[in-house]
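Notes follow once the structure below has been shown.
The values are calculated or read from the model by the stated rules, or taken from the named source; none is laboratory data. Model, not experiment: these values are computed from the prediction. Heads up, the Cβs are rebuilt from the backbone with ideal geometry, glycines too, and the neighbour counts pull from every protein chain shown. All accessible areas refer to the heavy atoms of the entire protein, side chains included, with ligands and DNA or RNA removed. Shrake-Rupley method; radii C 1.70, N 1.55, O 1.52, S 1.80 Å.
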Amino acid sequence: MEITYVYTKFRREFGRQGLFSDRAEAVMVDIQPNPRLISNFVVKTPRDQASQACMDMSEHPVNTERFESSSCGINHVEGAWPKDINPKDLEQTVRFKKKIEKEENYVNSLVHLGYVMDHCIKQNNTIDIYQEHFKEDEMEKVPELPTAKTKSVFRDPNQVKRTITSLSWHPDGGRKLAAAYCSLDFQKSPPDMSFDSYIWDLEKPNYPEMALKPESPLVCLEYNPKDPHTLLGGSYCGQIVLWDTRKGSHPVEYSSLEHSHRDPVYKIIWLQSKTGTDAFSASTDGQILWWDVRKLSEPTERLVLDPSREGNLDQALGAISLEFEPTMPTKFMVGTEQGMVVSCNRKAKTPAEKIVCTYEGHHGPIYSIQRNPFFPKNFLTVGDWTARIWSEDIKESSIMWTKYQMSYLMDACWSPVRPSVFFTVKMEGVLDVWDLLFKQSEPTLSVKVSDKALYSLRIQDNGQVLACGSHSGDTTLLHISSGLSTLQKNEKSLMAAMFERETKREKILEARQREIRLKERSRSEQSREDEAWREDGDDDPDQILAKVESDFYSMVEIETRKRERERRAAEPQEEEACDKNEVKNEEEEVQKEDEVQKEDEVQKEDEVQKEVQKEEDEVKIEDEVKNEEDEVQKEDEVQKEVQKEEDEVKKEEVQKEEDEVQKEEDEVQKEEDEVQKEEGEVKNEGENDEKNEEDC
């Protein structure tokens, strides 16, 4: 059989090999020689040429198959009892044990084992088997580059793929991972789409360990931190669903529709309580509801996120993310669809007091909000194209933020072991790892996890394994390198200094902005007053003169007419009338002069008041700036005093411990002295007895 085709390929281009089957030979092409082309060929003598450093090529026929493993176990029970003895009967077993203990073989075996154990114990006491002989010659550890390696992938077993909207780790060591699957496209989900969500075992990535079967797709899902068998989910229809994995895949209890949310439940969190049965949920209908899973028929408490604090549900902000810190049991924070963070106090008396303050900084929905586990006053938010770090003390703006990315950021979380590291996922399918101590303007590590968009993110409590959920229903587990999952030297103090520095900077900028706004306000008020004064008076002087002249001439005409009438009516009283008219004219002129003087005085007083008001405004602005500076200085002094008090307390505690140790040493010394005295007395008595015996 002749070789029809030859396939060659470089080793670096190897991929999945093609599979060929045996069949009968067949002629594919038969090209006959053409005698007319012989003139184009030149006959050359053959020659041999040696070659070195040839490129290696190989061929391999292996096809790998996916291996599915299954684990099994054996239950061991107590045995080796005789047939006539019931192991559950305590009296029979005790009687049998006493009988065995009296036998010689039992005693001899124990003696032999005791000798062996005694030898081993003495040997361990003689030689330290855990001694490090080359401790001084340890090699310096080279810092490892930040990496994130794919550990395994959990794929949606259904044909219609759905988005992973929420992830939750098993509270006992993170052996399992619960994932909520839901299609968030409104009225676009196919009719044959499955509503199931799954619990995955990390050692069995091929198929889920358990399917959770709700009546509506789950948007969020959370393990109970106190009971690993209990899960609480929020459904797309607004109901709260409770599972007990010991009772199967179907829910144990539902919340009633009339008392549940009106929109999908985007976040649910378990509360720290004695019973471990309290939780609260957030939805885009603008409500925060508190639940007791022992009775899900209706919520125990309700809060409407109305920024006007009137409790109007029509004006409420839609909640899409939620944050609760167990160390602050009365406080919680809500991220809204409008890009606003609402800080709330659960223990307030009235609904208006429950909404404490708001933070504005995002242009779109806030998909994630989380406090720093080491510095709870600082929290992280993700929305639109940025991730922002806030301080509770500053409400005007965030203290740190990332650059605007090319695609939406969908989720984020802090590292539980390193205060300077946080993770974000994007619509591009990229995971970004940020280390603020190493780089602030760019991510320390970017990993292309999936070709589809990443929607959810969750990290284990040890900070080493990260789970990312994609739009296509794939959950990717990534193993984080030790450099990103191990606390560095002085990291806490450096991050505390960084947060404090950025907070002070924002406070100074905020005070400066306030001062500028006050100056602009005073200038605008002054300009308004000037415009009003100008509007009251006529701007053109020619018009003013013309008006004065017309008024003067009209008055003259009126006076002349009056005089003529008086003369005609009473000629003999002409002289008296003239005198009266002259007196009247003089009085009118005096009155006019008085009015002009009064107007001038009023204008001067207004100008003086305006100047005084300007000086008072400037003094107020300076006082406000000084007060703010004094407050900052007072805060620094208070912190220093607190630090001094803590140092003094520590010194007193150390001094007390030293005094107690000294007292114990003195007591021990006294006891030794007493023992020595008693020994001396005993010796003296013995010597006296010997002397008495000799004398006798």
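Going Cα to Cα from K644, which lysines come in below 24 Å? Please leave out same-chain ones fewer than 8 positions away.
Qualifying lysines at Cα under 24 Å: K377, K492, K504, K634, K656.
How much net charge surrounds Y181 when only other residues with a Cβ under 13 Å from its Cβ are counted (Lys, Arg +1; Asp, Glu -1)?
Net local charge, Y181 excluded: +1.
Which peptide among 667-678, 288-299 comes first, and what is the full order, when sorted by highest mean count of other Cβ atoms within 10 Å?
So the peptides 667-678, 288-299, ranked by packing, come out 288-299, 667-678.
About its Cα centre, what dipole magnitude does segment 416-566 give when the only charges are +1 on Lys and Arg Cβ and -1 on Asp and Glu Cβ, stated in debye to the nearest 20?
Using Cβ point charges on Lys, Arg, Asp and Glu, segment 416-566 gives about 1580 debye.
Taking the Cα atoms only, what angle lies between the long axis of helix 541-569 and the longest principal axis of the chain, rounded to 10 degrees?
Taking the Cα atoms of the chain, the angle to 541-569 is about 30 degrees.
Quote to one decimal, in nm, the extra length available between D600 and Y106 on full extension: 0.36 nm per residue of separation minus the C-alpha distance between them.
Here the segment from D600 to Y106 would lengthen by 165.2 nm.
If you fit an axis through the alpha-carbon atoms of helix 491-536 and take the longest principal axis of the Cα set of the chain, what angle between them do you get, 0 to 90°, nearest 10?
Approximately 20 degrees, to the nearest ten.
Using a 1.4 Å probe over the heavy atoms of the protein chains, calculate the carbon and sulfur portion of the accessible area of the chain as a whole percent.
Percent of accessible area from carbon and sulfur atoms in the chain: 49.
Taking 7 Å along the Cα-to-C-beta vector as the label spot, tell me the Q633-R23 distance in nanometres, rounded to one decimal.
So the label points at Q633 and R23 sit 9.5 nm apart.
Can you tell me the order of 231-244, 555-568 when each peptide is scored by its average per-residue count of other Cβ atoms within 10 angstrom, highest first?
Output ranking for 231-244, 555-568: 231-244, 555-568.
What dipole magnitude, in Debye to the nearest 20, does the chain give about its Cα centre under +1 on Lys/Arg Cβ and -1 on Asp/Glu Cβ?
With only Lys, Arg, Asp and Glu charged at Cβ, the dipole is about 7340 debye.
Under 19 Å from the Cα of K274, which lysines turn up, not counting those fewer than eight places away in the same chain?
K226, K295, K331, K347
Taking +1 at the Cβ of each Lys and Arg and -1 at the Cβ of each Asp and Glu, which of P307, I269, V341 sits farthest along the dipole of segment 255-349 towards its positive end, judged by Cα position relative to the Cα centre?
Going by the charge dipole, the pick is I269.
Once Rg and Dmax of the Cα atoms in Å is worked out from the coordinates, which option in (1) 40.1, 165; (2) 26.5, 93; (3) 45.9, 178 does it equal?
Label of the calculated value: (3).
In square angstrom, what is the accessible area per residue of the chain with a 1.4 angstrom probe?
Result: 72 Å² of accessible area for each residue.
Can you work out the PRE-style zone for K149? Point 7 Å along Cα to Cβ, and I want the residues of segment 467-488 with backbone N under 17 Å.
Once the point is set 7 Å along Cα→Cβ of K149, 467, 477-486 turn out to lie under 17 Å by backbone N, inside segment 467-488.
Within 10 Å, count the other beta carbons around each residue, average over each peptide in 202-214, 346-358, and list them highest first.
In decreasing order of mean packing, 202-214, 346-358 become 202-214, 346-358.
Provide the gained length on full extension for the span R262 to K452, in nm with one decimal, where the gain is 0.36 nm per separating residue minus the Cα-Cα distance.
Net length gain for the segment: 65.4 nm.
Which of S450, V638, A148 sits farthest toward the positive end of the charge dipole of the chain, with +1 on the Cβ of Lys and Arg and -1 on the Cβ of Asp and Glu?
It is S450.
Checking the cross-link filter: which lysines have an alpha carbon closer than 24 Å to that of K562, excluding same-chain neighbours under 8 positions apart?
Output for K562: K547, K580, K584, K592.
Per residue of the chain, what 222 nm ellipticity follows from adding -39500 (n - 2.57) for every DSSP H run with n ≥ 4, rounded to the nearest 500?
-12500 deg cm²/dmol
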